[in-house]
Amino acid sequence: MSLRKTKNVPNIIENVSSHNEKTKDPDFVYRESPLTVLFEQSLHIQAIYHIFVVILLILLCDTVIYDLIETGKINIGVSSVVYGFGDISRGARLWLFQLAIVLIFYPGIRLYAAVRKIIKDNTVLCKIWSIVGITGVVLLELLLIGVPVWDLAKEHLALGSSTVVTCEMFRFAMKMCSVAVALAERCNNGIKPVPSFSHYVYFLFAPTLIYKDVYPRTKKVRWGVVVGHLLEVSAIIFYNSFLWERFILPYWSNYGKEPTVEAGLVVRGMFACILPGVISFLCGFYLLLHAWHNAFAEMLTFGDRLFYEDWWTTSRFSNYYRAWNRVVHAWLRTHIYQPLAPRAGRAISTFIVFFVSSIAHEVILILSFGFFYPVLVVEFGVFGVLMLPLTASGRRFPRLYNLLMWLVLFIGNGLLWSLYAMEYFARKNCPKLETDNFFVPKSWSCPEVVLKPNWAFQNPFNIIF
């Protein structure tokens, strides 16, 4: 069965969003990603896509021509990519360890179901065996998360490699939890059989975190689509490499080499990072939630490809958080929010969801950068939560609140790019001290941010009067 194309794109996107707001947890059905539909039907969206491609080509030309004139060498960003994904063999070993843990989980399920069937008439033994099963799942989850965290904390791995390892760590952990919850009842009562190993492996690599026995499947794999999306993934990796070399390094690579730095240079650097920060944010969204997910969906003939919604048009942050990443949102809602809401209430349950999500994001950044700097926790777990009630009336003034949302995203991503770069190079360039601490930002004390010696406030109204 092939995915159906839609003629009226704006209506489809609007209908999908309104439907999901009502159901909030729809079943798996045949659906394309919003951008796939828009690319097929809208020349305007195609033009915006072409603009981003042209920006990539301009950055490529900038990098090649500048390096050729400056150093006599041709650099197309390969050095930054190789550096970012350094020691890839170690990263591969950690990933294979994680895969082995989740594969071991399947025979554990089989064993649990078989023993439970034998002792089903003994209530005491059933309770004990249930405790053993829960303990086994918890131990496997701790092993899956604990070993990579310990290894990465002991010796820092390159930024790109460690990001892949930690993201896969959480992905496998959430999938294991989803399988355990979905199969617990059938293992206990034995009414339905345990799924086959092939279906279990299919779920491990399918672009969803919610386990089902049956997913909508397409009839064939369009390998041209797969190759196209994988080429987009590669292009975006180089895209971010160019942004790093042309916007981050010129402003921040020397940060900390001198004992003082002028405040004007810091402010100019932070504002200079806003635009590349947003471009990187959009490229990251497109890479992971569109190109990567759709490539795997096509390879696995996975029919439901609504991995995100049209979050860029929303006027409320509550809709943005739901629409930005439906894959993770569905897991958080199913396995955290829904079990907690009847007992703790909606407000507390929402806060716990935000807290868990922000901590997971922060762990990824800590292990990727090799230091603790909770900028994302503050932005996401504090200001992100505050934006929920502040934008609750967004339906009354949708254009104004959508403008506000984009303003917040611009400022937030600019701060992320600036502050993490400042801390990274401060730890790299500043003199090592005995008082240095993993949890205390180095950039707060080195270098010292000062004003110009002759700086004085000039009243702008003096010019007028």
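The values are calculated or read from the model by the stated rules, or taken from the named source; none is laboratory data. From a predicted model like this one, the values you see are computed outputs, not experimental measurements. Cβ: placed from backbone, ideal geometry, glycine included. Neighbour counts: every protein chain shown. Side chains included, ligands, DNA and RNA excluded: accessible areas come from the protein's heavy atoms. Shrake-Rupley method; radii C 1.70, N 1.55, O 1.52, S 1.80 Å.
Given 0.36 nm per residue, what is the gain on full extension from Leu407 to Ala153 after removing their alpha carbon distance, in nm? It would help to have the intermediate numbers written out before the result.
Values: separation 254, 0.36 × 254 = 91.44 nm, distance 3.52 nm.
Value of the extension gain: 87.9 nm.
Counting only residues 5 or more places away or on other chains, whose amide H sits under 5 Å from the amide H of Glu262 once H atoms are built in the peptide plane?
Here Val450 satisfy the definition.
At 222 nm, what value in deg cm²/dmol follows for the chain if DSSP H runs of at least 4 each add -39500 (n - 2.57) and the sum is divided by all its residues, to the nearest 500?
On the way: 20 runs with 305 residues, N = 465.
Taken over the chain, the calculation gives -21500 deg cm²/dmol.
Carbon and sulfur together cover what percent of the accessible area of the range 244-359 at a 1.4 Å probe radius? Walk me through the numbers on the way to the answer.
Values: 3360 of 4940 Å².
Solvent-exposed carbon and sulfur of the range 244-359 make up 68 percent of the total.
Relative contact order, percent, of the chain when contacts are C-alpha pairs under 8 Å separated by at least 6 residues?
Numbers: 497 pairs, mean separation 97.3, N = 465.
Once normalised by length, the contact order is 21 percent.
Quickly rank 218-228, 32-42 as a protection proxy: mean count of other C-beta atoms within 10 Å, highest first. The partial results should precede the final answer.
On the way: 218-228: 12.2, 32-42: 19.1.
Put in order of decreasing packing, that is 32-42, 218-228.
Output needed: Cys residues of the chain lacking any neighbouring Cys C-beta below 4.7 Å, sorted by number.
By the Cβ distance rule, which asks for a partner under 4.7 Å, the isolated cysteines are Cys61, Cys126, Cys167, Cys177, Cys187, Cys273, Cys283.
From the Cα gyration tensor of the range 217-345, with a ≥ b ≥ c the square roots of its eigenvalues, which class applies: rounded if a/c is under 1.5, or else prolate if a/b is larger than b/c, or else oblate? Intermediate values should be presented prior to the final figure.
Numbers: a/c = 3.05, a/b = 1.45, b/c = 2.10.
Oblate.
Around Pro195, under 14 Å between beta carbons, what's the net of Lys plus Arg minus Asp minus Glu among the other residues? Walk me through the numbers before you get to the answer.
Values: positive: Arg110, Lys175, Arg186, Lys192, Lys212; negative: Glu185, Asp213.
Taking every Cβ under 14 Å from that of Pro195, the sum is +3.
Pairs of alpha-carbon atoms within less than 8 angstrom and 6+ residues apart define the contacts here; what relative contact order does the range 216-453 have, in percent?
Across the range 216-453, relative contact order equals 34 percent.
What full-extension length gain, to one decimal in nm, is calculated for Leu265 and Leu340 as 0.36 nm per residue of separation minus the Cα-Cα distance? Write down the numbers at each step before the final one.
Working: separation 75, 0.36 × 75 = 27.00 nm, distance 4.77 nm.
Separation in residues times 0.36 nm, less the Cα-Cα distance, equals 22.2 nm.
Could you calculate the FRET efficiency of Lys220 with Leu451 from 1/(1 + (r/R0)^6), where r is the beta carbon distance between them and R0 is 51 Å, rounded to 0.05? Can you show the working numbers first?
On the way: r = 65 Å, r/R0 = 1.28.
E between Lys220 and Leu451, to the nearest 0.05, is 0.20.
Quick one: net charge around Cys126, please, counting Lys, Arg +1 and Asp, Glu -1 for every other residue with C-beta under 15 Å from its C-beta.
Working: positive: Arg116, Lys117, Lys120, Lys127, Arg186; negative: Asp121, Glu185.
Once positives and negatives cancel, what remains is +3.
Per 0.36 nm of contour for each residue apart, how much would the distance between Arg395 and Val233 grow if the chain were fully extended, relative to their Cα-Cα spacing? Please report the intermediate quantities before stating the final value.
Numbers: separation 162, 0.36 × 162 = 58.32 nm, distance 3.51 nm.
Using 0.36 nm per residue and subtracting the Cα-Cα distance, I get 54.8 nm.
Given the pairs Lys175/Lys220; Lys73/Lys442; Lys154/Lys212; Lys127/Lys192; Lys73/Lys154; Lys73/Lys257, which are separated by over 29 angstrom at their Cα positions?
Details: Lys175/Lys220 25 Å; Lys73/Lys442 35 Å; Lys154/Lys212 38 Å; Lys127/Lys192 20 Å; Lys73/Lys154 36 Å; Lys73/Lys257 26 Å.
Distance filter (> 29 Å) returns Lys73/Lys442; Lys154/Lys212; Lys73/Lys154.
Obtain the nm distance between the two label points defined at Ile58 and Leu99 by a simple spin-label model: each point lies 7 Å from its Cα along the Cα-to-C-beta direction.
4.1
Scattering from the C-alpha atoms of the chain alone, worked out with Debye: what is log10 I(q)/I(0) at q = 0.10 1/Å?
-0.88
Write down, largest first, the equivalent ellipsoid semi-axes of the range 319-462 in whole Å, where each equals the square root of 5 times an eigenvalue of the alpha-carbon gyration tensor. Show your work: numbers first, answer last.
Working: eigenvalues 243, 124, 30 Å².
Ellipsoid semi-axes (Å, largest first): 35, 25, 12.
Ratio of the range 216-453's C-alpha Rg to 2.2 N^0.38 Å, to two decimals? Walk me through the numbers on the way to the answer.
Values: Rg = 20.5 Å, N = 238, 2.2 N^0.38 = 17.6 Å.
Relative to the 2.2 N^0.38 Å estimate, the range 216-453 comes out at 1.17.
How long are the semi-axes of the equivalent ellipsoid of the range 350-421, taking √(5λ) for every eigenvalue λ of the Cα gyration tensor, in whole Å from largest down?
Numbers: eigenvalues 133, 48, 9 Å².
Calculated on Cα positions only, the semi-axes equal 26, 16, 7 Å.
Mind pulling up the Rg/Rh value for the range 161-243? Radius of gyration and Kirkwood radius, both on Cα.
On the way: Rg = 17.2 Å, Rh = 15.7 Å.
With Rh from the inverse mean 1/r over Cα pairs, Rg/Rh is 1.10.
For Arg217, enumerate residues with amide H under 5 Å from its amide H, sequence gap 5+ or separate chain, H modeled in the peptide plane.
Here Gly303 satisfy the definition.
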